[in-house]
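What follows is a set of notes on a single structure, which appears directly below.
The values are calculated or read from the model by the stated rules, or taken from the named source; none is laboratory data. Everything numeric here is computed off the predicted structure, so don't read it as measured data. A quick note on method: Cβ atoms are made from the backbone with ideal geometry, for glycine too, and the neighbour counts reach across all protein chains shown.
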Amino acid sequence: MTVRPVTILAGLLVVAVALVAVEVGVGATHDTVKIANPCEERAPFPGQSVDATIQRVVLDGLDGSACRLHTTREQLVLSLDGKGRWNRRTIDVAVRAGLLRAVDEAVRRGDIPSLLAPLVRGVVRRAPVAALVEGGIRLRDLIG
């Protein structure tokens, strides 16, 4: 018995329509994005690697900074270019304060060994804020 190409195409079309119907039925057409309140605790970024630890610290730091500025983490990141409603100094102060708090939390959680905490705090105090957030830190940024 051979199956005609038209039958296969019709079957695929039925499956595609069924999948779209299921997605629409479970709310795929609704705007379900909810911006989290940066002042409320979030589930930590998962993972045990150095990269995961850095991401946890940066995300926690941005939450703290956004909370301090009474905005969302997303709006804060969009304002890092200096064209938002805050001036560069206000953003720098808020981001550094948020990151320093996040480092303290990371030490408390055991993500950062307490022996390394002073070094990490020094990086947060000296590195350009954009480099801290984007992860593009060079030795030259820390020294000069």
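Data for the structure
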| item | result |
| --- | --- |
| Out of ILE112, ILE35, sole residue that is under 30 Å from VAL20 (Cα atoms), touching a helix residue (DSSP H, G or I) at 6+ places or on another chain (Cβ under 8 Å) and touching a residue at least 24 places away in the same chain (Cβ under 8 Å) | ILE35 |
| Checking VAL107 against (1) modelled with pLDDT under 90; (2) among the aliphatic types (A, V, I, L, M); (3) surrounded by fewer than 19 Cβ atoms within 10 Å (Cβ to Cβ), the condition it does not meet | (1) |
| Total residues in the range 1-54, condition at pLDDT below 75 and either in a loop (DSSP other than H, G, I, E, B) or touching a Gly at 6+ places or on another chain (Cβ under 7 Å) (or both) | 14 |
